[in-house]
Structures are given as C-alpha cells and as structure tokens.
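Student: What follows is a single structure, and I will ask about it in a moment.
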Amino acid sequence: MQPGDKVIYYIMGAQKFGAIATITGTYFEDYNKLWTNNDEMWPARCSSRLDFALGDDELLDSKKLIDDLSFIENKKNWGVYFQGSIKQIPEIDFKLIESEIRKIAGDRMQASNQQISATSSGGPKAESEFEKAIMSLPLQAASLHDRIGEMLEQIGSWMDYNTQTRHRITPDHAYQLDVAWLNGRNPEIAIEVQDKGNITEAKDRLAQARKFNYRKVIIILKQSDITRLNQIMKHEPDLRSWMEAWSIGAVYKMYMAGEKFFRYYKQLKESVYKEKNELRLVE
C-alpha cells in the first residue's frame, strides 16, 4: 500500500463494511500491541487517516451489494471473495461501497448542519455571502470548488444515487467529471463546478458526458459568467437543450433545504418492523 491508496474495512463476522480510510504513510514494522488479544500482533503497519466510520448499528450489509460488485464473479458463493487479510478490488467497486457508506454517514452530517445559521437575517443573499456560508459548513474539502462538489455528492446520496466526485466519464476515458450521479452504474447526471477556470473546457467535458448517455448535464458557475457561457453555447444548440446552469447560491439553498427534507423523507419511506411499547410523535 502506498500513500493516497484507499482502504475499506470489512468486518468478517458481521459480513458488513464499517469504515473507509486513506493510507498516509509507507510500510513499517512495529511490535507495540494495539489490542489485548494475546495471540495477535500484526506488526506490518501503515499510517492512515480515517475518512468515514460507521457505528455498530449503522454498518453496511455487504449482501445488499453482492449483485453490483464486479469482483464477485460467483454470486452464489460470494463469501470466498472476502477471505484473506487484504483484497485489492476495482476502483468502480470501491466507489460503489464508498457511496453507500457516505449515505449512512451523511445522516450524522445532517444533524451538524441543522445547527448552522448563515446570517441572522434569514440566510445569505449575495454570492460572496453564499461562498462564505459554504466555507463555514462542516465539510471535509478545503477549497470552495471541492466543497461544492462534496455538497453535490451528498445531495445525490440523499436521493439514493451512486454519487462520485472526479469520476471518469467511462473507465478508460481521458475526461473526469467533477461530480457524477449514477443509477447503480448507469450514468444519470453529470456536473461541472466552474467557480474559476476555463468554461470551454467544462463545456467540452459535459458534451462528452452527453455523448456517453448522461441524461442531463449541469454547470455550476458564478453569476458574472452566465453571459460568457451563453456566448460559448451559441453554436451548441443540442448540448444547450440538455444543459442547465446553476448558481453557487442555488447549490447552497438546495443543500441546506435537502438536509432538512431528507431527514424526514428517509423516516417517512422506511418500512421495517420495530417493536415499540408506545408511539412517539415525529417532530
């Protein structure tokens, strides 16, 4: 394993996925004990950074994903594909598992976001205020561009899409999309975040996405750039008919409204038996 590699933790006894981490250092040996088990030392180690961790009651059931994981070729005898300490899996499978874990972890993010109020006057109004509000959200990314991408990734997850950032239009394609919403593995919505940089290049990536069956393409850009975009799209009537242009403020509003709506929506559509002594009012 090398710095930058991603790791999914699979809990063998539970047959569930529990966490995702990023490798941050190279191999080293250390014989200091990490756990109390007398018969296990595991001296071969790498330092890592935790990305997502699920609680005991949140763990992702691997059986729900068996049919969609390409590295599991024999679906009836799927358990053998999880045997052994370390397994290397295709990137497309990793992204699917990551997306499902992100959906679960996102529920906790909703609770944090509910505590955020951008301004005392009921929310930001100017574009600079929206940008400042986005930078104050409890997100992982550092730049405005990547934070908007992270927000769009989370919105797609709330809507049960398989959501990806920096996603190749096809596995062997030269272009990467800032954000892609997939239905399983099928392309649905391609999004380019253009807070700065070359609008023409963003347009070209979205044109390629349409070519490979994304049913809708969206560009996120600053209000001052809409005139320039329309000049570029003047001679692209077909692409223009499939494209939408969204402001940074619109993404912020959708994100903040979505975390409230989907918290209730998820509970509303849930249909499972839960033994109760009495009913509690949803508020």
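The values are calculated or read from the model by the stated rules, or taken from the named source; none is laboratory data. Please read these numbers as outputs of a predicted model, since none were measured by experiment. All Cβ positions, glycine included, derive from the backbone under ideal geometry; neighbour counts span all protein chains shown. Heavy atoms of the whole protein, side chains included, go into the accessibility calculation; ligands, DNA and RNA do not. Shrake-Rupley method; radii C 1.70, N 1.55, O 1.52, S 1.80 Å.
Student: Please find, in a Gaussian network model of the chain (springs between Cα atoms separated by less than 10 Å), the residue of ILE148, ILE86, ILE226 whose mean-square fluctuation is greatest.
Tutor: Its mean-square fluctuation being the largest, the pick is ILE86.
Student: Over the chain, with a Gaussian network built from C-alpha contacts below 10 Å, which listed residue (PRO43, PRO124, PRO171) shows the highest mean-square fluctuation?
Tutor: PRO43
Student: Just the accessible area for ASP195, please: 1.4 Å probe, Å², rounded to the nearest 10?
Tutor: Taking all protein chains as shown, ASP195 has close to 20 Å².
Student: Here's a follow-up. Identify all aspartates and glutamates with a Cα-Cα distance to LYS266 below 16 Å; exclude those on the same chain that are fewer than 8 residues away in sequence.
Tutor: Filter leaves GLU58, GLU100, ASP107, ASP160, GLU283.
Student: Here's another thing I want to ask about it. Explain nothing, just the number: dipole magnitude of the chain about its Cα centre with +1 on each Lys and Arg Cβ and -1 on each Asp and Glu Cβ, in debye rounded to the nearest 20.
Tutor: That gives the chain a dipole magnitude of about 660 debye.
Student: Using 0.36 nm times the number of residues separating TRP42 and LYS222, minus their current alpha carbon distance, what extension gain do you get?
Tutor: Result: 59.7 nm gained on full extension.
Student: Provide the percentage of antiparallel DSSP beta bridges, counting only those with both residues in the chain; round to the nearest 5.
Tutor: Here the share of antiparallel DSSP bridges comes out near 70 percent.
Student: For a label point 7 Å from the Cα of ASP61 along Cα→C-beta, name the residues of the range 252-274 whose backbone N is under 13 Å from it.
Tutor: Within reach of a label on ASP61: 271-273.
Student: Roughly what angle does helix 248-269 make with the longest principal axis of the chain, taking Cα atoms, 0 to 90 degrees, to the nearest 10?
Tutor: 50 degrees
Student: If you don't mind, another one. Taking 0.36 nm per residue of sequence separation and subtracting the Cα-Cα distance, how much length would be gained by fully extending the chain between LYS76 and GLN267, in nm to one decimal?
Tutor: Stretched fully, the LYS76-GLN267 segment lengthens by 65.5 nm.
Student: In the structure shown, do any of LYS125/LYS269; LYS95/LYS269; LYS95/LYS260; LYS76/LYS216; LYS95/LYS216; LYS203/LYS253 have a Cα-Cα gap over 28 Å, and if so which?
Tutor: In this structure, LYS125/LYS269; LYS76/LYS216 exceed 28 Å between Cα atoms.
Student: Can I ask one more? Just to check, using Stokes-Einstein with a Kirkwood Rh over alpha carbon pairs, what's the diffusion coefficient of the chain at 25 °C and 0.890 mPa s in µm²/s?
Tutor: Once the numbers are plugged in, D ends up at 115 µm²/s.
Student: Right, something else. Tell me the net charge near SER241. Cut-off is 15 Å between Cβ atoms, SER241 excluded, with +1 for each Lys or Arg and -1 for each Asp or Glu.
Tutor: Taking every other residue near SER241 into account, the sum is +4.
Student: Using only Cα atoms, tell me the angle between helix 144-158 and the longest principal axis of the chain; keep it within 0 to 90° and round to the nearest 10.
Tutor: In the chain, helix 144-158 runs at an angle near 70 degrees to the longest axis.
Student: I need to check one value: relative contact order of the range 149-248, counting alpha carbon pairs closer than 8 Å and at least 6 residues apart, in percent.
Tutor: 20 percent
Student: Set Lys and Arg Cβ to +1 and Asp and Glu Cβ to -1, take the dipole of the range 142-282 about its Cα centre, and tell me which of LEU279, ILE218, THR170 lies farthest positive.
Tutor: Positive-most Cα among the choices belongs to LEU279.
Student: Efficiency by 1/(1 + (r/R0)^6): what FRET value for GLU236 and MET159, r their Cβ-Cβ distance, R0 = 30 Å, to the nearest 0.05?
Tutor: That gives a FRET efficiency of 0.60.
Student: What is the packing order of peptides 74-85, 251-262, 55-66, taking the mean over residues of other C-beta atoms within 10 Å and listing the highest first?
Tutor: By packing density, highest mean first, the sequence is 251-262, 55-66, 74-85.
Student: Loop only by DSSP, 16 or fewer other Cβ within 10 Å of the Cβ. Give me the trypsin sites (Lys or Arg not before Pro) in the range 136-188 that pass, ordered by residue number.
Tutor: Passing both the DSSP loop test and the Cβ count: ARG185.
Student: In addition: Please list, by residue number, every one of the chymotrypsin sites (Phe, Trp or Tyr not before Pro) in the range 189-249 that is coil in DSSP and has at most 16 other beta-carbon atoms within 10 Å.
Tutor: Counting only loop positions with at most 16 other Cβ atoms within 10 Å, the chymotrypsin sites (Phe, Trp or Tyr not before Pro) in the range 189-249 are PHE212.
Student: May I ask you to list the trypsin sites (Lys or Arg not before Pro) in the range 1-45 that are in a DSSP loop and have at most 12 other Cβ atoms within 10 Å of their Cβ?
Tutor: LYS33
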